[in-house]
Amino acid sequence: MALEIGDKVPEFKATNDEGQDFNSLEVIGKKPAVIYFYPKNFTPGCTKEACDFRDSYTDFKELGAEVIGISSDSVKSHTKFKNRYKLPFIFLSDAQGKIRKLFGVKAGLLGLLPGRETYVIDQEGIIQLKFNSINAAKHMSKALIKIKELIK
């Protein structure tokens, strides 16, 4: 069952890009957050999406929001990806697909690739936007617009 707009994000745990344990309660329910699921590090679309979030990360932070990228890539791959493109936000490794399943993110591209989906969550932990598009270039702008609406 997929999470939808109006649902509270349940607690989840993962390993971050520094190899440390991450508990969603450290962020979710404390501040607005953007969680974006993407297929794979270093691919053209995923790199563009990550760099879009990087280039606007200051805007998110000034609005009090955190950005979290999640894929099935390893911690080591996330670390290399972050370092190569100077990505300042949190990356979580979901190698078993448990978080993806928790959110109900569907596979993309005829089921061949993991899906690309973005969630904007308010400071109470409630999903306010769910955006699913193979077009990586649209995710950051949709998320930033929604975060700005939440802060008004």
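Taken about its Cα centre, region 51-98 carries a charge dipole of roughly 340 debye when the Cβ of each Lys and Arg holds +1 and the Cβ of each Asp and Glu holds -1. What is the distance in Å between the Cα centres of region 27-101 and region 115-152? When both Cα centres are located, 13 Å separates them. Rounded, prolate or oblate: which one fits the chain, using the alpha carbon gyration tensor with axes a ≥ b ≥ c (rounded when a/c is under 1.5, else prolate when a/b beats b/c, else oblate)? Rounded shape, in that the Cα axes give a/c under 1.5.
Applied to region 96-101, the Karplus parametrisation 6.51 cos²θ - 1.76 cosθ + 1.60 on θ = phi - 60° returns per-residue 3J(HN,Hα) values of 8, x, 5, 6, 4, 5 Hz, with x for Gly and Pro. Think of each Lys and Arg Cβ as +1 and each Asp and Glu Cβ as -1; about the Cα centre, that makes the dipole of region 37-76 roughly 240 debye. Solvent-accessible area of Val75, all protein chains in place: 40 Å² (probe radius 1.4 Å, heavy atoms, ligands and nucleic acids excluded). When Rg and the Kirkwood radius Rh are both evaluated on Cα atoms of region 65-104, their ratio Rg/Rh stands at 1.00. Using a Gaussian network model of the chain in which every pair of alpha carbons under 10 angstrom is joined by a spring, one finds that among Glu62, Glu49, Glu18 the greatest mean-square fluctuation is at Glu62. Amide H contacts under 5 Å for Leu92: Gly69, Ile70, Ser71, restricted to partners 5 or more places along the chain or on a different chain, H placed in the peptide plane at 1.01 Å from N.
Take the convex hull of the alpha carbons in region 87-152; its mean projected area over all directions comes to 5.4 nm². Dipole orientation for the chain: of the candidates Cys46, Ser141, Leu25, Cys46 has the Cα lying most toward the positive pole (charges on Cβ; Lys, Arg +1; Asp, Glu -1). Per the Debye calculation on region 1-68 with a single equal scatterer at every Cα and no solvent contribution, log₁₀ I(q)/I(0) for q = 0.23 Å⁻¹ amounts to -1.27.
Taking θ as phi - 60° and the Karplus parameters 6.51, -1.76 and 1.60, the scalar couplings of region 31-36 work out to 7, x, 8, 10, 10, 10 Hz in sequence order, x denoting glycine and proline.
Converting phi to 3J(HN,Hα) with the Karplus coefficients 6.51, -1.76 and 1.60 and the offset θ = phi - 60°, region 75-83 yields 4, 4, 5, 4, 4, 4, 4, 4, 5 Hz in sequence order, with x at every glycine or proline. For the listed residue pairs Lys31/Lys61; Lys86/Lys148; Lys8/Lys130; Lys101/Lys146, the alpha carbons are over 21 angstrom apart in Lys86/Lys148; Lys101/Lys146.
Residues whose amide H lies under 5 Å from that of Leu129, counting only those 5 or more places away or on a different chain, are Val120; hydrogens are built 1.01 Å from N in the peptide plane.
The values are calculated or read from the model by the stated rules, or taken from the named source; none is laboratory data. Nothing here was measured: the structure is a model prediction, and the numbers come from that model. Counting neighbours? That spans all protein chains shown, and the Cβs are built from the backbone with ideal geometry, glycine included. Accessible surface areas use protein heavy atoms only, side chains included; no ligands, DNA or RNA. Shrake-Rupley method; radii C 1.70, N 1.55, O 1.52, S 1.80 Å.
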